[in-house]
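K.L.:
Structure below; questions to follow.
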Amino acid sequence: MRGFVFIFISIFALLIVFYLNQLTLVSILFLLIIVIGAFVFLEGTTAKNLDCKGFYALANTKYQHGDYYLAIDLYTKSIFCDPTFIKSYINRGIVHTEVGNYKGAINDYTKAIELNPSYSMAYKNRGSVKSIIRNFRGAVIDFDKAIELDPYHPYFYSDRALARWNLGNFSCACSDWRKASELGDDKATQYFNMHCSDSY
């Protein structure tokens, strides 16, 4: 698309020169100004698009290398470029959790849910943060929604089990660990055998 536009502008400029019917110094300068101006404009537009995509990719790299605060800054720049890009909110929420900014993490996951109410992982992640701050009832509500959207994800049941256990709802917690174990979560099997095998 970029090349097509550049060619179109160049042809348009040449037609103007042809219309003038002579290659005077003025017409040559006029042609150069149009072509260079078009090139600069297209380069600037492309650079901006690359920056928006690049912020997210670079943020992922910085996160993987443990540079959490720079990663947060880059995810924020990515969101500024494209406020509808859900992955930037999700990943920034993960990094906010790593640095202990639980309110920021919850806000990011909530925004992701607003953008896509069917995104099960956003509910799961928000529920996990609520468990960290010991809001276990709120966590269970989020895990319930995540499981409603994706009933075959073992870790949704495992996380809800821990929240339910902390609420003293042991039978439901054991039920969740059993389900997670059936879906392939080996750690859930260990929890079930440790806490539930004799009674449930």
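Bear in mind that the values in this text are calculations on the coordinates, not laboratory data. Only a predicted model underlies this, so the values are computations on that prediction, with no experimental measurement involved. Cβ atoms come from the backbone with ideal geometry, glycine included; neighbour counts cover every protein chain shown.
K.L.:
If you go through the range 82-114 one residue at a time, how many are more than 19 Å from I147 (Cα to Cα) and in a helix (DSSP H, G or I)?
P.N.:
Looking only at that region, the number is 19.
So that you can scan it fast, the table gives a plain yes or no per residue for (1) surrounded by fewer than 19 Cβ atoms within 10 Å (Cβ to Cβ); (2) within 27 Å of T189 (Cα to Cα):
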site	(1), (2)
K87	yes, no
P117	yes, no
R137	yes, yes
W165	no, yes
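K.L.:
For the range 49-78, which residues satisfy the criterion of being under 18 Å from T97 (Cα atoms), of a type outside the set (D, E) and free of Cβ contacts under 8 Å to residues at least 24 places away in the same chain?
P.N.:
Matches in the range 49-78: T61, K62, Q64, H65, G66, L70, L74, Y75, T76.
K.L.:
Output the residues belonging to the range 52-85 that are small (G, A, S) and surrounded by fewer than 17 Cβ atoms within 10 Å (Cβ to Cβ). Explain how you work it out, then say what you get.
P.N.:
Let us first name the residues in the range 52-85 that are small (G, A, S), namely 54, 57, 59, 66, 71, 78.
Once the filter is applied, which keeps residues that are small (G, A, S) and surrounded by fewer than 17 Cβ atoms within 10 Å (Cβ to Cβ), the range 52-85 yields G54, A57, G66.
K.L.:
Out of (1) in a loop (DSSP other than H, G, I, E, B); (2) touching a Gly at 6+ places or on another chain (Cβ under 6 Å), what's the single condition that is false for S118?
P.N.:
(2)
K.L.:
Just one of (1) surrounded by fewer than 19 Cβ atoms within 10 Å (Cβ to Cβ); (2) over 23 Å from L74 (Cα atoms); (3) of a type outside the set (A, V, I, L, M, F, W, C); (4) free of Cβ contacts under 8 Å to residues at least 24 places away in the same chain trips up K187, so point out which.
P.N.:
Failed condition: (4).
K.L.:
If you check D144, D185, which single one turns out to be among the acidic types (D, E), on the phi < 0 side of the Ramachandran plot and in contact with a Gly (Cβ under 9 Å, 6 or more places away or on another chain)?
P.N.:
On the way: D185 fails: in contact with a Gly (Cβ under 9 Å, 6 or more places away or on another chain).
So the residue among D144, D185 that is among the acidic types (D, E), on the phi < 0 side of the Ramachandran plot and in contact with a Gly (Cβ under 9 Å, 6 or more places away or on another chain) is D144.
K.L.:
So which residues in the range 139-159 are of a type in the set (D, E, K, R), within 19 Å of the chain's Cα centre (by Cα) and surrounded by fewer than 20 Cβ atoms within 10 Å (Cβ to Cβ), if there are any at all?
P.N.:
Of everything in the range 139-159, just one residue is of a type in the set (D, E, K, R), within 19 Å of the chain's Cα centre (by Cα) and surrounded by fewer than 20 Cβ atoms within 10 Å (Cβ to Cβ), namely D150.
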